[in-house]
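Following: one structure in structure tokens, then a few remarks.
All of the numbers you see were taken from the coordinates with simple rules; none came from a lab. None of these values were measured; they are calculated from a predicted model. Neighbour counts run over all protein chains shown; Cβ positions are idealised from the backbone, glycine included.
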Amino acid sequence: MISVTFPDGGKRQFPEGATAAGVLKEMGRRLQKEALGVRVNGKTVDLAAPLPEDAAVEFLTFDDEDGRDIFRHSSAHILAQAVKRLFPEARLAIGPPITDGFYYDFDVARPFTPEDLERIQGEMEQIVKAALPISRLEMSGDEARTMFAAQDETYKVEIIDDLPPETVISCYRQGEFTDLCVGPHVPDTGYIRAFKLLSVAGAYWRGDERNKMLQRIYGTSFPKKSLLDEHLYRLEEAKRRDHRRLGAELDLFSVHEEGPGFPFFHPKGMIVRNELESFWREEHRRRGYQEIRTPVVLRGELWERSGHWDHYKENMYFTTIDDQNFAIKPMNCPGCMLVYQRRVNSYRELPIRLAEMGLVHRHELSGVLHGMMRVRCFTQDDAHIFCRRDQVKDEILGIIDLVEYFYREVFGFDYHVELSTKPEKAMGDEAIWELATEALREALEVRGLAYKVNEGDGAFYGPKIDFHLRDSLGRTWQCGTIQLDFLMPEKFDLFYIGEDGRRHRPVMLHRVVFGSIERFIAILTEHFAGAFPVWLAPVQVRVIPIADRHAGYAAEVTGFLKEGNVRVELDARNEKVNYKIREAQVQKVPYMLVVGDKEVAERTVAVRHRAGGDLGPMTPGVFRDRIQGEIKNKLI
């Protein structure tokens, strides 16, 4: 008999050879309908997989991340089957699930067209309607290679050839279609009830620009049409909020062919940026940080010493000065350590918190550049904290408090936390990594923050906490991070003089809050759909005289607001007032002050808000107090 343990701790006995699907029949009707796969003793497998003698079983639905991956991986196979039916000469590459969807890469003679996507969508619908059973096959590497070579599937053959010879190869079959895949998958194609192909893009095989460019079809899928409709609505809303479009319409920023990946800030964009940086500086001064600035170009040996040469050089830019190698900095930490080294520090001075708005450059492939979200040049709001070991916990808690204040209280974002552990390619021994990881874990638990563990996703010099904020469309963005580092101080021989008069090694914390200023502004632009809070808005008020005879009083009001440090524009053009109001709303100006005969006579302004509409008459003084309060309190 097989002993099966369920998530609630309950146990049941089943006959030898029982599968997860057989166990599922004993469960509730709803779970039978919704289960997509199963986790057995921690491993995710198909429902048809036989169970071991002792099996801890957890059924996966679309509500689980692993369940969604199973669902969308199966969707990718249906896409590939449809393409092979319509384009038999197409060669298959890979087709994984991704966040909110899936894709598949194809080698075809010509790019896919919108009409092709419609035909492929229709063929996928037929495959789903047929509810073809999906079954797992296992074979030797030689058998799999022979099978795919006979089908001229050269990419599959290449994948097989990269595996150790003794590897057991798994494939999945649905109808006439068989694909190389580790799985798992849903039981049949009929599970994929609602899906939509979204777009086509070019993609290099294995992400290497030296390889052939393939055609990548993106799609999304859900178990219910209502969920698909909601997702498609969010996608349309995301297009409306696209920071690249709004950046051009609101004259904030741009990227040009003359500098791909190197963003330009326009005057209005600089206002948003400067306000963010001023707020950042004010908060950091208040919390005991000292601001520094380090050079953009430093000698090559510095980056060899820091470990970046061995672990990060493919992402760096280099130059030669006076016949010596120099690097353009991809990170601010080595320069900050040189600042710490400039003098002998006492234990009484620690913690030393050094903050830097540092311009960094990182090489990114042209295919992944995306507005200001993915660039080659950006400003990182770095800080490096040098402290004693007994101060580490309090410093981490202080950073968490700072992130909480920025994200939730000031910008209104919710967020979740992830803890990333030692990567495969890392500096230092296991003991140091365990010590650092536990320090981060303990701080999270003291604050009562739920967190997900990302095994092997830490920086090469230390584990980290990442903060993923959630925007108004429910999308998540990794921005803030805390990295605990025992290794860089060792490499740079950093020390402080302890109470005993001897040298001691400080612990180093790397952290950012915004992450990249450019990317954070892009996120804010999309989150607020360009309608920035008053304190960030490039133009906070537009004064609109109805006729020429009101222009004098309108100019007086404009000057009065400027004296109060309000960013105000006067629109004295010879245009109809409704046209001026509409244009101000299109430009996302928070307040419009309309001035006509009544306002001139009563020395008032008619106040309109971009979202709230007509707020009625106010004196200029009352309005100025109101908007100054909003600016000071950073209301959103």
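Fully extending the segment from Arg573 to Leu473, taken as 0.36 nm per residue of separation minus the present Cα-Cα distance, adds 32.3 nm. A simple charge model with +1 on the Cβ of Lys and Arg, -1 on the Cβ of Asp and Glu and nothing else charged puts the dipole of the stretch 70-238 at about 400 debye relative to its Cα centre.
Within the chain, what percent of beta bridges assigned by DSSP are antiparallel, to the nearest 5?
Working: 100 of 120 bridges.
Expressed as a percentage, antiparallel bridges in the chain total about 85.
Measuring between alpha carbons in the structure, the pairs from Lys43/Lys464; Lys268/Lys313; Lys43/Lys156 lying more than 31 angstrom apart are Lys268/Lys313. Taking the DSSP bridge list for the stretch 541-633 and keeping only pairs wholly inside it, about 55 percent are antiparallel. Placing dummy labels 7 Å off each Cα toward the beta-carbon, the span from Leu338 to Glu26 is 6.8 nm. Stretching the chain fully between Glu583 and Asp614 yields a gain of 9.6 nm (0.36 nm per residue, less the alpha carbon separation).
When both the stretch 189-249 and the stretch 374-441 are represented by their alpha-carbon centers, they are found 32 Å apart. For the stretch 298-351 versus the stretch 77-133, the spacing of their alpha-carbon centroids is 48 Å.
Each 10 Å bin, from zero up to the one with the longest distance, holds this percent of the alpha carbon pairs of the stretch 271-354: 15, 34, 30, 20, 1. Computed from the C-beta positions of Ala150 and Ser199, the FRET efficiency with R₀ = 41 Å rounds to 0.80.
Contour minus end-to-end for Gln13 and Asp323, with contour as 0.36 nm per residue of separation and end-to-end as the Cα-Cα distance? Write down the numbers at each step before the final one.
Values: separation 310, 0.36 × 310 = 111.60 nm, distance 7.53 nm.
Taking 0.36 nm per residue and subtracting the Cα distance, the gain is 104.1 nm.
Of all aspartates and glutamates in the structure, those lying under 18 Å Cα to Cα from Lys33, and not within fewer than 8 positions of it along the same chain, are Asp46, Glu58, Asp63, Asp64, Glu65, Asp66, Asp69, Asp188.
Restriction of the GluC sites (Glu not before Pro) in the stretch 390-424 to DSSP coil positions whose beta-carbon has at most 12 other beta-carbons within 10 angstrom yields Glu424. Arranged from fewest to most other beta-carbon atoms within 10 Å of their beta carbon, Arg210, Arg293 become Arg210, Arg293.
For Lys634, the lysines whose Cα falls under 18 Å of its own Cα, not counting residues fewer than eight places away in the same chain, are Lys588.
The label point for Glu53 and the one for Leu86, both projected 7 Å from the Cα toward the Cβ, are 5.2 nm apart. Counting beta carbons within 10 Å around each of His609, His550 and listing the fewest first gives the order His609, His550.
A convex hull fitted around the alpha carbon atoms of the stretch 253-527 yields 146 Å³ per residue. Look at Ser74, Ser135 and count the other Cβ atoms within 10 Å of each Cβ; fewest to most, that gives Ser135, Ser74.
Taking the charge dipole of the stretch 291-414 about its Cα centre, with +1 at Lys and Arg Cβ atoms and -1 at Asp and Glu Cβ atoms, the residue from Leu350, Phe378, Leu302 reaching farthest to the positive side is Leu302. Each Lys and Arg adds +1 at its Cβ and each Asp and Glu adds -1 at its Cβ; summed about the Cα centre, the stretch 253-527 shows a dipole of about 520 debye. From its DSSP helices (H runs of at least four residues, each -39,500 (n - 2.57)), the chain gives a residue-normalised ellipticity at 222 nm of -10500 deg cm²/dmol. Note on the stretch 489-594: Kirkwood radius taken over Cα pairs, Stokes-Einstein applied at 25 °C and 0.890 mPa s, translational D equal to 137 µm² s⁻¹.
Taking the Cα centre of the chain as origin, work out the dipole magnitude from +1 charges on Lys and Arg Cβ and -1 charges on Asp and Glu Cβ, in debye rounded to 20.
1980 debye
May I ask you to list the residues of the stretch 1-18 whose amide nitrogen lies under 17 Å from a point 7 Å from Cα along the Cα→beta-carbon direction of Arg441? Residues passing the 17 Å test: none. Computing Rg and the Kirkwood Rh from the Cα coordinates of the stretch 455-497 gives a ratio, Rg/Rh, of 1.20.
What does the convex hull of the Cα atoms come to per residue for the stretch 118-171, in Å³? List each step's numbers first, then the result.
On the way: hull volume 5.3 nm³, N = 54.
Spelled out: Cα convex hull of the stretch 118-171, divided by residues, is 99 Å³.
A dipole drawn for the stretch 231-289 from +1 and -1 charges on Cβ atoms has a positive end, and of Phe264, Leu252, Tyr289 the residue lying farthest that way is Tyr289.
For the stretch 227-331, what is the convex hull volume of the alpha-carbon atoms per residue, in Å³?
228 Å³
Kindly provide the GluC sites (Glu not before Pro) of the stretch 524-579 that DSSP labels as loop, not H, G, I, E or B, and whose Cβ sees at most 13 other Cβ atoms within 10 Å. Passing sites in the stretch 524-579 are Glu575. The convex hull defined by the C-alpha atoms of the stretch 541-633 has an orientation-averaged projected area of 5.4 nm².
Each distinct pair of alpha carbons in the stretch 126-253 adds a 1/r term; the inverse of their mean, the Kirkwood radius, is 18.1 Å.
At a temperature of 37 °C and a viscosity of 0.692 mPa s, determine how fast the chain diffuses translationally according to Stokes-Einstein, using the Kirkwood radius over alpha-carbon pairs as Rh; express D in µm²/s, rounded to the nearest whole number. Intermediate results must be reported in sequence, preceding the final value.
Values: Rh = 28.8 Å.
Translational diffusion coefficient: 114 µm²/s.
Taking square-rooted eigenvalues a ≥ b ≥ c of the alpha carbon gyration tensor, is the stretch 2-61 rounded, prolate or oblate, where a/c under 1.5 means rounded and, failing that, a/b exceeding b/c means prolate? Rounded.
Suppose R0 equals 51 Å. What FRET efficiency, 1/(1 + (r/R0)^6) with r the Cβ-Cβ distance, do Lys632 and Asp208 give to the nearest 0.05? Efficiency for this residue pair is about 0.45. Using R₀ = 30 Å, calculate the FRET efficiency as 1/(1 + (r/R₀)^6) where r is the Cβ-Cβ separation of Lys452 and Arg287; round to 0.05. The value I calculate is 0.65.
Points 7 angstrom from Cα along the Cβ direction at Arg240 and Arg503: gap in nanometres? If labels sit at Arg240 and Arg503, their model points lie 6.3 nm apart.
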